[in-house]
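*Asks:* Take a look at the following structure, please.
The values are calculated or read from the model by the stated rules, or taken from the named source; none is laboratory data. What you see is a predicted model; the values in this text were computed from it and never measured. Because the Cβ atoms are built from the backbone with ideal geometry, glycine has one as well, and the counts that use them run over all protein chains shown. Please note that ligands, DNA and RNA were not included when accessible areas were found on the heavy atoms of the full protein model with its side chains. Shrake-Rupley method; radii C 1.70, N 1.55, O 1.52, S 1.80 Å.
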Amino acid sequence: MNIKNIKDILKINRSIKNDVKGREIRRVLDVQTDGEKRRAIKIMKNAKGGQKGSITLVPMKSLSLEDFTFPFQNPAKIREALRLQVMPYNAAGELSLFPVILSKSGRSASGLVWYLSPEELDIPSSSAASKRGITWPAPLAFISKLEDFGGNGVTIWIDEENICSVLWQNHRPLLYRYKKLKKLPDNDAESSEKAEISEISWYDAYCKSRELERGGNFTVNVSDYDYDDNDDYYDDDADDDGGELSSIISESVSICPYLMNINLSKTALEGTRDLEKTVRILTRVSIWLTAAGIIMLSSGLLKYYNAGRETEKLRSRTDNFYRQTFDPSRTGRISNPVVLARDRIASLTGKDDGGHGIDEVLADLGEIFSEPGTKDVTLDIIRYNADGIDCTGNAPDMTTVLNFRKSLENRASLVQVDNTQFVAGIGYRFDIRVRW
């Protein structure tokens, strides 16, 4: 890895770390009010009103996770493929899924998907910070404490009623586990300690049977926080504990930046659904617009083709009309019918005694054909009138045609070559108009 890439990674990590430090750290707990259990939020670390949002840690009861690899990278396609995979299990109840892409290779993508019961997405969110916040499984935030073990081991979360944990392998969560905390009479500390020992023993046996790297352990016990039963939000003024948690989470995000892409909340789920719905609608609209554009383009091309064909027919009829009217022996395109009409009128009115006589014209042509550059010119048709001559002939190459025209220019006031075209086996066929 070159120095530039290292700097880019450090820059990204610093920006993420600062973002975490600017967030509130909150947790969800169950409280009893008037004989009913309800969910509440406890603010563990204030961040000046949570202007950058919040990170909410939740001990999730129904959460499970697994790896995925698909030969495509489109998030909507990945979500649909995962939804099809769990469709047989939806009979037991609806599942909300949260895929996170961790790596891409070629056209393939791989990552983690979190499955969660929709009931667990109902989390109090009346504060401004929660609207810009992200929600994590509670043990997910403490991977930085396993850095000395290569990102392998178990992070454990213990609160008043729950114990949950995540098994990590190479900085990636492999297994999530939840249990209800069994309390001993009048001894909460002993209950937490016994539950922690039991959880660690279970992972020892599990990793041994699956031949996984056991790594280390890190436990966060927040069951000793005090709260007021009358509020949905509890503000912890112990900045030492909250600040320590914030630092641990910042280090975790620096080590595993993909954690910021994990958000197991109803807001994220609804946002994803709305985005997918919008993409589907826009895709359909774009398909219809593309089809309409193709139809309009085809119609325009057809009209252009028909217009060109009609124009060519009109030009051909016009040339035939001029040719039949003024000079039936003329071949090729008639580029200037006015001149042709004038020449025809002059010929019919007998204005042949002015200008060059026929003998002078033949004498000039004889001199021209005696010149070295014009000997290969052949004139098939010569039309003579008082104003000049019109000739149709051929030459082996264009240079000979130009030499012939130049020789005529020395003897006339106007020489114009029209309708020059190459004919295989003959050479260049041309029409030339000369006016004295």
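*Asks:* Restricted to segment 209-257, and to residues that are open to solvent by 80 Å² or more (accessible area, probe 1.4 Å) and under 16 Å from Thr56 (Cα atoms), which residue is modelled with the highest pLDDT?
*Replies:* This residue is Glu244.
*Asks:* Can you confirm whether Glu312 is within 30 Å of Ile143 (Cβ to Cβ) and without any contact (Cβ under 8 Å) to a residue 60 or more places away in the chain?
*Replies:* For Glu312, the condition - within 30 Å of Ile143 (Cβ to Cβ) and without any contact (Cβ under 8 Å) to a residue 60 or more places away in the chain - is not met.
*Asks:* Here's a follow-up. Which one is most open to solvent (accessible area, probe 1.4 Å), of the residues in segment 401-424 that are in contact (Cβ under 8 Å) with a residue 60 or more places away in the chain and either of a type in the set (S, T, N, Q) or not in a strand (DSSP E or B) (or both)?
*Replies:* Gln421
*Asks:* State yes or no: is Thr56 under 19 Å from Asn263 (Cβ atoms), at pLDDT 85 or above and in a strand (DSSP E or B)?
*Replies:* yes
*Asks:* Tell me the residue from Ser108, Ser117 that is modelled with pLDDT of 85 or more, surrounded by fewer than 17 Cβ atoms within 10 Å (Cβ to Cβ) and within 30 Å of the chain's Cα centre (by Cα), please.
*Replies:* Among Ser108, Ser117, only Ser108 is modelled with pLDDT of 85 or more, surrounded by fewer than 17 Cβ atoms within 10 Å (Cβ to Cβ) and within 30 Å of the chain's Cα centre (by Cα).
*Asks:* For Arg79, indicate whether it is at pLDDT below 90 and in contact with a Ser or Thr (Cβ under 9 Å, 6 or more places away or on another chain).
*Replies:* It is true that Arg79 is at pLDDT below 90 and in contact with a Ser or Thr (Cβ under 9 Å, 6 or more places away or on another chain).
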